[in-house]
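Heads up, the thing below is written out as structure tokens.
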Amino acid sequence: MSPTALQSPPGAPEILRRGRALVAPALTQAVGSLHPWVAEMACYALGHCEVGGAPATGAQGKGVRQALALLGAEAAGGPAEAGVPAAVAVELVHTFSLLHDDIMDGDALRRGRPAVWKAYGTGPAVLAGDALFALAVETLAAAPAGARIVCAVRQLTTALGDLVRGQADDLLFAGRPWTGPGSVGVAEYEAMAEGKTGALLGAALALGAQLGGAPGEMAAVLDRAGRHLGVAFQIADDLLGIWGDPAVTGKPVHGDLRQGKKTLPVLAALKAPGGAALAQLLASERALDDVGVRRAAALVERAGGRAAAEREARRHLASAEELLAGATLAPDVAGRLRTLVSSLADRTV
């Protein structure tokens with residue numbers, strides 16, 4: 001390998017691999033402290049084992065939140081290891097939210113495997129989610145960070161409250177009309193996405209920074225940057241929910257349209273001049289069949305919903321990058337953060 005290659009900055013896959021490697025021992029130890037049955041469900045949800053406990057391969061998440069927590073610690077001038085408790089806490093919260101989301105949304109698959117509620121039952125999945133939530137708070141509270149722990153725990157609980165509010169809005173959106181009075185606006189959608197997805201991404205960066213010794217002002221900037229990133233992340237998820245490859249997403253194609261979810265591409269298309277045909281199709285009382293969801297996806301794209309969602313994701317990414325550029329970060333850390341942020345809109349890392 002040439003000297004130039006050795007000196008080249010790490011790409012997003014390398015940043016994510018490094019994060020998973022640093023966090024894995026502490027994450028495994030934390031989950032291992034749970035009741036054995038609950039620990040097995042948690043390991044299954046994390047992609048570490050199959051039903052029954054046999055080791056699993058290929059079903060783990062990318063570890064975005066873990067990487068952000070470690071980079072947050074380094075952004076504050078501390079070692080990446082200082083952010084490990086934050087990384088474990090946010091990963092546990094994220095996993096807890098996925099367990100409960102899959103139940104609420106009726107999603108039978110997660111990362112190409114049966115969701116925890118399908119594999120173990122609804123009641124056990126709820127129990128496992130509750131255990132992960134409690135373990136996340138316990139893990140963070142036990143971090144060796146002295147007086148900073150109070151602020152860190154408050155940061156996490158604030159993010160949890162925002163996550164719950166975002167999820168509540170997402171569920172309530174399902175009962176609102178597609179068009180006319182009471183329909184969901186794009187601004188409402190983005191507020192929901194900031195809570196449901198952005199709050200935890202912001203917390204990952206801010207918690208890592210706090211454990212790394214950052215002043216409150218830096219942690220607040222990183223939190224805002226992460227929230228913008230989260231909105232872009234959720235929009236990208238919406239795009240994958242309609243046009244994503246099941247081999248990549250682990251979920252059926254057109255799944256969000258089939259469920260009638262109010263995602264940004266659909267909402268943007270409905271408010272466009274060419275959205276009338278889509279509105280008529282969605283207003284049907286019958287669930288969309290395979291032909292219907294394909295037609296709906298085509299109508300969303302024709303009305304400009306896909307392009308509008310992509311523009312909005314880029315706008316939020318630009319806002320995140322602007323906030324990071326204005327923060328006082330070490331150049332190498334800033335570069336790795338920019339690399340990771342820029343990779344997340346298309347979710348191909």
Check residue 294 against each of (1) within 30 Å of residue 58 (Cα to Cα); (2) among the basic types (Lys, Arg); (3) touching a helix residue (DSSP H, G or I) at 6+ places or on another chain (Cβ under 6 Å) and name the one condition it does not meet. (3)
Number of the condition not met by residue 286 [criteria: (1) under 26 Å from the mean Cα position of the chain (by Cα); (2) among the charged types (D, E, K, R); (3) outside any helix (DSSP H, G or I)]: (1)
Whether any residue in the stretch 231-248 is part of a helix (DSSP H, G or I), in contact with a helix residue (DSSP H, G or I) (Cβ under 7 Å, 6 or more places away or on another chain) and farther than 28 Å from residue 271 by Cα is what I want to check. no
Inter-residue pairs, beta-carbon under 7 Å, first within 27 Å of residue 265 (Cα to Cα) and at pLDDT 95 or above and in the stretch 311-340, second polar (S, T, N, Q) and not in a helix (DSSP H, G or I), 6+ apart: none
Residue list for the stretch 37-70, filter: crowded, with 24+ Cβ neighbours inside 10 Å and under 21 Å from residue 127 (Cα atoms): 41, 42, 44, 45
Contacts under 9 angstrom Cβ, first residue in the stretch 289-304 being under 16 Å from residue 260 (Cβ atoms) and touching a residue at least 12 places away in the same chain (Cβ under 8 Å), partner part of a helix (DSSP H, G or I) and of a type in the set (Phe, Trp, Tyr), 6 or more apart: 297/243
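The values are calculated or read from the model by the stated rules, or taken from the named source; none is laboratory data. Note that this is a predicted model, so its numbers are computed, not measured. Cβ: placed from backbone, ideal geometry, glycine included. Neighbour counts: every protein chain shown.
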